[in-house]
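Here it is, the structure, as structure tokens.
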Amino acid sequence: MKREGAAWIFVAPALAALGLFFFLPVVAALVLSFTDFDIYSLADIRNLRFVGLDNYLTLLRTHLFWKALGNTLYFVVLGVPLSIALSLGAALLINSKLARFKGLFRTLYFAPVVTTLVAVAVIWRYLLHTKYGLINWGLGGFGIDPIDWLGDPHWAMPAIVIFAVWKNFGYNMIILLAGLQTIPDELYEAAKIDGAGRWAQFRHVTLPALAPVMLVVSILTMAGYFQLFAEPYVMTQGGPVESTVSVLYFMFEQGFKWWNLGFATSVAFVLFVILFAITLVQLKLSQRWSDP
Amino acid sequence: MRKGALLTNILMVLLGLFAVAPLLWMLSVSVMQPGEAAHFPPPLIPANPTTANYVTLFASTDMARYFANSLLLACLATALSLTFNVMAGYAFAKLNFRGRDRIFRFLLTALVIPAQVAMIPLFLICKELGLVNSFGGVLVPSIATVFGIFLVRQYALAIPDEMLEAARIDGASEFRIFRVIVLPSLGPILVTLATFSFLGSWSDFLWPLIILNDGDKATLPVALANLSREHVQDFELMMAGSVVTLLPVLILFVVLQRYYISGLLAGSVKG
């Protein structure tokens, strides 16, 4: 079997790399989350102890973890629908027969997606500046008093949501646009003959046809938004008053600031379980909707 | 009907402004005189454009070094990802080996695991291998990716089996077939994968932040984040730093957007 041997030579390097640098760490993470791996174990592995579920129990009693989970949920609940709505709006605009310069606008809308997050976070920190920021200046034009976007615990997370929606809407737009382009024109013609107006066409033709794509988009977006980290790291450092500490930010600080690596791994696992559960719920719901 | 067209195009322009205004403003502030942007209302256009901020950026910070670090790492990550993923993706599509389909399905299910779960043990593995604070450590997660293998496999499925068989009958070795027939027919997907790998590596933040703790080896995003904490009030300087970080990826995207977008669409139906 010379050919089987050749096949393994093609595939083995990648599988070895994935095994060593992804699958082994994932399994190790589960084990590590049941240990008290900290800076002393880092110095000498003999200091390592298995502590069973202690990390998880401690997590339940840690105020900042619940705060981080709440902040992350707030970010997801506010950000995901806004992001998808704007993506859908943009896709509908570009798909419209009335629109001109479609290629140009598609590129413009997509530009924020390819930008480097840290660099645009730096830009937005200045756009949102209380004193010199363009956004407050614009709001002033409508007679709205300056908002201390990143310094007021009530506004810091909404500010990060606006930034995230700006950064990401182009991504889902492309996927939704591809979905829109698969809807046959005849469906719209038939709806028009039945006397359906624009809104009725959107509700009864566009949305149902787009449902499977919307499911993919919402799962991807939600998974992405649960992994909030760089935005608060660069823009607010988790503040003010812990209002932008996210689950991953909490994990990063526990792991690489305080070197509580066992504890931090349990945070990562909880995040994974939450994400997994939400994805399952979304898939179940979509099944119920698709076969009533 | 004409009213509808007008409204559609006005909305398109407004959304376009929303998307690019922050980037245009960045460019504008980056050529303002130091201190000029700290006024209210903020000036939109520089009164006397200057390259002073760029000069300061490269003369008094190590920005040139960080730029070189990022460029080198992005190129190496791209080369690694191309080599490993293309060989594996082709094998999963066209070569037979025991357990092939089962292994592939297993890889796909792994897509639901967020990378952060693996991060802390991966750090410890890198520590054991002596890779902490080295470029090798930064590159480790980009060697092979499930997404990359998937992308190449989908594309390679379209290579006709007859072509490969004919070459085998002519006595060509598997590696010769790969080089002479497979690689040339994978052209577009190689560009797609390269674009993804390069942009992904260039913009990555969390992993380089964890694995590199020596200032000299920092990548551009990590350095920019540090710099922006030190120079909170130097608007113009920080905007110049953002331009230096963003311009390469924006240019690359505009040139290669066709490939990038086709990869994105393939990736979105990965389930």
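Would you confirm whether or not segment A:128-145 contains a residue that is among the acidic types (Asp, Glu) and under 26 Å from the mean Cα position of the chain (by Cα)?
Within segment A:128-145, not a single residue is among the acidic types (Asp, Glu) and under 26 Å from the mean Cα position of the chain (by Cα).
Starting from residues that are among the β-branched types (Val, Ile, Thr) and without any contact (Cβ under 8 Å) to a residue 24 or more places away in the chain, keep the ones in segment B:38-75 and report whichever is nearest to B:Val140 (Cα to Cα). Talk me through it step by step, then tell me what you get.
First, pick out the residues of segment B:38-75 that are among the β-branched types (Val, Ile, Thr): B:45, B:50-51, B:55-56, B:61.
Keeping just the survivors that are without any contact (Cβ under 8 Å) to a residue 24 or more places away in the chain gives B:45, B:50-51, B:55.
Values: B:Ile45: 44, B:Thr50: 41, B:Thr51: 38, B:Val55: 34 Å.
Of everything passing the filter in segment B:38-75, B:Val55 is nearest to B:Val140 (Cα to Cα).
From the list A:Phe142, A:Phe110, pick out the single residue that is more than 10 Å from every other protein chain (Cβ to nearest Cβ) and hydrophobic (A, V, I, L, M, F, W, C).
A:Phe142
Additional query: Within 30 Å of B:Arg168 (Cα to Cα) and among the charged types (D, E, K, R) - does that describe any residue in segment B:87-94? Can you show your working first?
Step one: filter segment B:87-94 for residues within 30 Å of B:Arg168 (Cα to Cα), giving B:87-94.
Next, from what is left, pick out any that are among the charged types (D, E, K, R): B:94.
Yes: one or more hits.
Being assigned to a loop (DSSP other than H, G, I, E, B) and open to solvent by 10 Å² or more (accessible area, probe 1.4 Å) is the filter here, so list the residues in segment A:210-228 that pass it.
A:Gln227
Out of the residues in segment A:237-290 meeting the condition of being in a loop (DSSP other than H, G, I, E, B) and either among the basic types (Lys, Arg) or open to solvent by less than 40 Å² (accessible area, probe 1.4 Å) (or both), tell me which one is nearest to A:Val76 (Cα to Cα). Outline the logic, then answer.
Filtering segment A:237-290 for residues in a loop (DSSP other than H, G, I, E, B) gives A:237-246, A:258-260.
Still in the running and either among the basic types (Lys, Arg) or open to solvent by less than 40 Å² (accessible area, probe 1.4 Å) (or both): A:238-240, A:243-246.
Numbers: A:Gly238: 16, A:Gly239: 18, A:Pro240: 19, A:Ser243: 14, A:Thr244: 12, A:Val245: 13, A:Ser246: 11 Å.
Per the stated criteria, the residue is A:Ser246.
A quick yes/no check of all residues on (1) within 9 Å of another protein chain (Cβ to nearest Cβ); (2) of a type in the set (S, T, N, Q); (3) within 30 Å of B:Asp214 (Cβ to Cβ):
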| position | (1), (2), (3) |
| --- | --- |
| B:Gln116 | yes, yes, yes |
| B:Leu122 | yes, no, yes |
| B:Leu129 | no, no, yes |
| B:Phe135 | no, no, yes |
| B:Glu162 | no, no, no |
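Further, regarding this structure: Checking the conditions here, which among B:Phe92, B:Phe123 is farther than 28 Å from A:Gln227 by Cα and either surrounded by 23 or more Cβ atoms within 10 Å (Cβ to Cβ) or under 22 Å from the mean Cα position of the chain (by Cα) (or both)?
Numbers: B:Phe123 fails: farther than 28 Å from A:Gln227 by Cα.
Step by step, each of B:Phe92, B:Phe123 is checked, and only B:Phe92 is farther than 28 Å from A:Gln227 by Cα and either surrounded by 23 or more Cβ atoms within 10 Å (Cβ to Cβ) or under 22 Å from the mean Cα position of the chain (by Cα) (or both).
Quick one: B:Phe198 ticks every box in (1) farther than 29 Å from B:Arg65 by Cβ; (2) more than 9 Å from chain A (Cβ to nearest Cβ); (3) under 17 Å from the mean Cα position of the chain (by Cα) except a single one, so which number is it?
That leaves (1) as the condition not met.
A further question follows. Here are some residues: A:Ala191, A:Ala196. Which one is surrounded by 12 or more Cβ atoms within 10 Å (Cβ to Cβ), of a type outside the set (Phe, Trp, Tyr) and at pLDDT 90 or above?
A:Ala191
While we're on this one: Name the one entry in A:Ser87, A:Ser33 that is in contact (Cβ under 8 Å) with a residue 24 or more places away in the chain and farther than 30 Å from A:Trp166 by Cβ. Lay out the reasoning, then the answer.
Values: A:Ser87 fails: farther than 30 Å from A:Trp166 by Cβ.
After ruling out the rest, the residue left standing is A:Ser33.
Within segment B:137-160, which residues are part of a loop (DSSP other than H, G, I, E, B) and either within 11 Å of another protein chain (Cβ to nearest Cβ) or of a type in the set (S, T, N, Q) (or both)?
Within segment B:137-160, B:Ile143, B:Ala144, B:Thr145 qualify.
Conditions tested, residue by residue: (1) in contact with a Ser or Thr (Cβ under 8 Å, 6 or more places away or on another chain); (2) facing chain B (nearest Cβ under 8 Å); (3) surrounded by 23 or more Cβ atoms within 10 Å (Cβ to Cβ).
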position	(1), (2), (3)
A:Leu127	no, yes, yes
A:Ile147	yes, no, no
A:Lys167	yes, no, no
A:Asn172	yes, no, yes
A:Leu180	yes, no, no
A:Leu187	no, no, no
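Looking at B:Ser242, B:Ser228, which one is facing another protein chain (nearest Cβ under 7 Å) and at pLDDT 95 or above? Can you show your working first?
Details: B:Ser228 fails: at pLDDT 95 or above.
The conditions single out B:Ser242.
Kindly provide the set of residues from segment A:1-30 that are more than 7 Å from chain B (Cβ to nearest Cβ) and in contact (Cβ under 8 Å) with a residue 12 or more places away in the chain, ordered by number.
Correct list: A:Leu30 only.
Within segment A:1-95, which helices (runs of 4 or more DSSP H) (wholly inside it) include 1 or more residues that are open to solvent by 30 Å² or more (accessible area, probe 1.4 Å) and either at pLDDT 95 or above or within 30 Å of A:Arg203 (Cα to Cα) (or both)?
Qualifying helices (runs of 4 or more DSSP H): A:2-18, A:24-32, A:54-60, A:63-95.
Does segment B:149-179 hold any residues that are open to solvent by 30 Å² or more (accessible area, probe 1.4 Å) and among the charged types (D, E, K, R), and which are they?
Passing the criteria: B:Arg153, B:Asp161, B:Glu162, B:Glu165, B:Arg168, B:Asp170, B:Arg176, B:Arg179.
In segment B:87-118, what count of residues is obtained for those that are touching a residue at least 24 places away in the same chain (Cβ under 8 Å) and not polar (S, T, N, Q)? So that I can check it myself, show each step before the final result.
Of the residues in segment B:87-118, the ones touching a residue at least 24 places away in the same chain (Cβ under 8 Å) are B:87-90, B:92-95, B:104, B:107-108, B:110-111, B:115-116.
Pick out the ones that are also not polar (S, T, N, Q) and you get B:87-90, B:92-95, B:104, B:107-108, B:110-111, B:115.
Qualifying residue count for the region: 14.
The values are calculated or read from the model by the stated rules, or taken from the named source; none is laboratory data. What you are looking at is a predicted structure, and each value in this text was computed from that prediction instead of being measured. Every residue, glycine as well, gets a Cβ built from its backbone with ideal geometry; the counts of neighbours run over all protein chains shown. For accessibility, only protein heavy atoms count, side chains too; no ligands or nucleic acids. Shrake-Rupley method; radii C 1.70, N 1.55, O 1.52, S 1.80 Å.
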